[in-house]
Amino acid sequence: MVLLVLAMLFFLPWWTLFASGADWPLPVFLSGTVVFAAWLASFPFLMGAGHGRRRADRAARIADSSLGMIWVLFTWSVLGGLAHLVLIAFGLGGAEPARSIAVAVAVVSAVLLAWGHHEAMRVPRVKRLDVRVPRLGTGLAGTRVVVLADTHFGPIDRADWSARVAEAVNALDPDIVVHAGDIADGTPAQRHGQSEPLGTIRSRLAKVYVTGNHEYFGEAQGWLDRMAQLGWEPLHNRHVVVERGGDLLVLAGVDDVTAESSGVAGHRANLTGALAGANPERPVLLVAHQPKYVGQAAAAGIDLQVSGHTHGGQIWPFNFLVRIDQPVVHGLSRHGERTQLYTSRGTGFWGPPFRVFAPSEITLLTLRPGSEGPTSERTEETATDTSNATDATDTSDATNSTAGTGVDDR
């Protein structure tokens, strides 16, 4: 099945660019055919070397880039093929239209890949959103929650990018910072330098982290330990309670839904365990990597779930395939009578270093009490000058220590 899918991914772009009646000169046709044949033949070996036992980063970079390139070429070859069929139906077939379509597919794909690579490698834009939580106490009004997800530190060394993301988060002066999982592809030792800047992120009340599905391809417990070392609260089926203005908020987190099948001892999504001892009258912000966990969250009466995982599709039109597996691809949605779900498009990228029509984001959720009034949303460029950011280092150290003790919220 995998080989069949690969054959289709490579065959259609080859057909659109070099066959399909374009009648290119023989040297052009042969050169294109040889390139695509060699590309297809080498791809499984590069993917195996990059993501198998060897975990060779160089092979992974080539394989991942190839995957993104062929997906974009395949997508626009499909659209080009449909356009060609329309032209034929109107009696406008022939070599010239076929060549024009081939050139158009190549040019559009190249432009989208160049733009998509820029979008993937840049510091994400800040997406600001007000979220109304009816049970939120007035003392917590205006609480600023910054959401990171899917940083996917991987074969491309993005230590500098990670540092700039940390600066952008600190410039937002957050009360709470959430990392919703899929921190890296690889072990903590492999991605030590890329994860190090996460330790410089400041918050007034708490910094919390849960595992995503990709942690279970590497060392899930190792990443929980690494984040604790960097000053974060790993919410491994547990919760902490934060206080502001005399009101309390429960921050709960669960392991990814794939944890139980991973074979890692003691890991599974356990919402009952995460909420054990929490006052049921208090509002709850739940961090769960995958949006589809919202069914359990709604059944438990969670106020707000924060998730990632989808990347917003990352490379269009993959978002339509994501929707088959997940209830939401991105944005704020309501589930049941009480529960809201915010799904981030993610801060980084998985595999192919491209984002096409699915921009990355650093999310700033401002919590508001009550259920009335419009929800405001805007996206802005990330500020590069952080000189005016409030220095919350001292309060972060103190409040995170308090949160980690499991404050009695009864």
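The figures follow:
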{"read-out": "Value at 222 nm in deg cm²/dmol, rounded to 500, when DSSP H runs of n ≥ 4 in the chain each add -39,500 (n - 2.57)", "value": "-13000 deg cm²/dmol"}
{"read-out": "Cα→Cβ-extended label distance, 7 Å offset, between residue 118 and residue 103, nm", "value": "2.4 nm"}
{"read-out": "Mean accessible surface per residue for the chain, computed with a 1.4 Å probe while every protein chain stays in place, in Å²", "value": "43 Å²"}
{"read-out": "Residue 272-residue 366 FRET efficiency (beta carbon distance; Förster radius 25 Å; 0.05 resolution)", "value": "0.25"}
{"read-out": "Cα Rg, Dmax (largest Cα-Cα span) when computed across region 265-340, Å", "value": "13.7, 44"}
{"read-out": "Among 371, 237, 42 - extreme Cα towards positive end, dipole of the chain, charges at beta-carbon", "value": "42"}
{"read-out": "Modelled label reach - residue 86, point 7 Å along Cα→Cβ, region 313-336 residues with backbone N closer than 20 Å", "value": "317"}
{"read-out": "Rg over Rh, two decimals, the chain (C-alpha only, Kirkwood Rh)", "value": "1.04"}
{"read-out": "Carbon and sulfur %, accessible surface of region 76-173 computed with the full protein complex present, 1.4 Å", "value": "68 percent"}
{"read-out": "3J(HN,Hα) from dihedral phi, region 235-243, Karplus parametrisation 6.51/-1.76/1.60, rounded to Hz, x for glycine, proline", "value": "8, 8, 6, 8, 9, 10, 10, 10, 10"}
{"read-out": "Potential extension, residue 79-residue 26 segment - 0.36 nm per residue separation minus Cα distance", "value": "16.5 nm"}
{"read-out": "Label-point separation in nm, residue 261 to residue 2, each point 7 Å along Cα→Cβ", "value": "1.6 nm"}
{"read-out": "Compactness index (Cα Rg / 2.2 N^0.38 Å), region 86-139", "value": "2.35"}
{"read-out": "In order through region 326-340: 3J(HN,Hα) via Karplus (6.51 cos²θ - 1.76 cosθ + 1.60), integer Hz, x for Gly, Pro", "value": "10, x, 9, 8, 6, x, 8, 9, 10, 9, x, 6, 10, 7, 10"}
{"read-out": "Long-range amide H partners of residue 181 with built H, under 5 Å", "value": "150, 210"}
{"read-out": "Residue 379 long-range amide H proximity, modeled H, under 5 Å", "value": "128"}
{"read-out": "Highest-first arrangement of 78-90, 273-285, 150-162, where packing means the average Cβ count within 10 Å", "value": "150-162, 273-285, 78-90"}
{"read-out": "From phi via Karplus (6.51, -1.76, 1.60), per-residue ³J(HN,Hα) for region 133-150 in Hz, x at Gly/Pro", "value": "10, x, 8, 5, x, 5, x, 9, 4, x, 4, 9, 10, 9, 10, 10, 7, 6"}
{"read-out": "Surface/4 estimate of mean projected area, convex hull on alpha-carbon atoms of region 9-165, nm²", "value": "14.9 nm²"}
{"read-out": "Using a Förster distance of 41 Å, the FRET efficiency for residue 299-residue 229 (Cβ separation, nearest 0.05)", "value": "0.75"}
{"read-out": "Using alpha carbons only: equivalent-ellipsoid semi-axes of region 193-326, gyration tensor based, whole Å", "value": "23, 20, 16"}
{"read-out": "Local electrostatic count at residue 327 - Lys and Arg +1, Asp and Glu -1, tallied over other residues with Cβ under 13 Å", "value": "+2"}
{"read-out": "Contact order relative to length of the chain, as percent, for alpha carbon pairs under 8 angstrom and 6 or more apart", "value": "22 percent"}
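The values are calculated or read from the model by the stated rules, or taken from the named source; none is laboratory data. Remember, predicted model here, so these are calculated numbers, not experimental data. All Cβ positions, even for glycine, are placed from backbone atoms using ideal geometry, and neighbour counts span all protein chains on display. Surface accessibility is based on the protein's heavy atoms, side chains included, excluding ligands, DNA and RNA. Shrake-Rupley method; radii C 1.70, N 1.55, O 1.52, S 1.80 Å.
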